[in-house]
Structure formats: C-alpha cells, structure tokens
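K.L.:
Take a look at the following structure, please.
The values are calculated or read from the model by the stated rules, or taken from the named source; none is laboratory data. These numbers were taken from a predicted model, which means no experiment stands behind them. Glycine gets a Cβ as well: all are built from the backbone with ideal geometry, and neighbour counts include every protein chain shown.
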C-alpha cells in the first residue's frame, strides 16, 4: 500500500529525475532495497545518517528534508488532528502533498476540472431542497 507523504514524494520525484530504481539507489546510499521501498511507500522515514546520505545523493537541502520528515512523523502520530490544528481540511491531505509537484498549467487544469465537476453536480441537483455543499466545521486554507 502506498501512503502519501511529503518525504516519500520527494524521494520518488528525485529518483525519477535521476532515473534511479530502488535497487540502484540502495547501494549508493548504503541501505537495503527493502528500506528504500518502505520509504517510497510512506511506511518509514530515514534516520539522520541515511537522510544525510540521501541529501548528498540528490543535492537536497538537509533542513528542508528534515522538515518533510518531521511533518510526516507528526501526520502519522496525530492523524487528522494534525491538519485540523493547522486549520486545514484532513480530506485534502493528498492535495497538500502533491500540489507542489504540479506545473502552473497543471494546477490551472486541475482547478478547471474541479469547477466542471461542481457545475455538473449543481445542475443535477437543481431544484433539490438539499444543500449543495456541506462544509466541515474548521476552515479551509489554500494549499
């Protein structure tokens, strides 16, 4: 099962950019293929020594990657409460994680697609006495 994570997505993106497989990366950063697989699947985050080797391999900012790891650890520990405390909607977690990987054109396309879906739903519900949108009690912030 693939669990989204800020760190796992950064790792997958960096590996794709360098055209590296997990099997090829493992010996380069002195860890097992199985551990690479767990990090890619969001099941694990690296300890500091491995994190430093990954930073050297991919040219990452250690500070930024440590932030991703800490966020992922907090998300795992606190679940939906993590997002609620930040004033964000937990159901939008995939969007918060993946948004930065989209180009401006892809973001615009995504928003237009959402508008199309909402408009279609509104047309199909026309005349219904039910509310069109049910908002959660906490506020929604832009990703």
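K.L.:
Assuming residue 69 fulfils every condition listed in (1) surrounded by 14 or more Cβ atoms within 10 Å (Cβ to Cβ); (2) modelled with pLDDT under 95 apart from one, which condition is it?
P.N.:
(2)
K.L.:
Just to verify a result, which residue in region 35-49, among those that are surrounded by fewer than 17 Cβ atoms within 10 Å (Cβ to Cβ) and either touching a residue at least 40 places away in the same chain (Cβ under 8 Å) or outside the structural domain of residue 13 (by TED's automatic domain parsing) (or both), is nearest to residue 73 (Cα to Cα)?
P.N.:
Within region 35-49, the match that is nearest to residue 73 (Cα to Cα) is 43.
K.L.:
Residue 25 versus (1) in contact (Cβ under 8 Å) with a residue 24 or more places away in the chain; (2) under 27 Å from residue 110 (Cβ atoms): which is the lone unmet condition?
P.N.:
Tallying (1) in contact (Cβ under 8 Å) with a residue 24 or more places away in the chain; (2) under 27 Å from residue 110 (Cβ atoms), residue 25 fails exactly one: (2).
K.L.:
May I pose another question? Restricting attention to region 50-60, and to residues there that are over 21 Å from the mean Cα position of the chain (by Cα) and more than 24 Å from residue 74 (Cα to Cα), which single residue is surrounded by the most Cβ atoms within 10 Å (Cβ to Cβ)?
P.N.:
Filtering first and then ranking leaves 57.
K.L.:
On the basis of being modelled with pLDDT of 95 or more and surrounded by 12 or more Cβ atoms within 10 Å (Cβ to Cβ), does residue 30 make the cut?
P.N.:
Numbers: modelled with pLDDT of 95 or more: yes; surrounded by 12 or more Cβ atoms within 10 Å (Cβ to Cβ): no.
In short, no.
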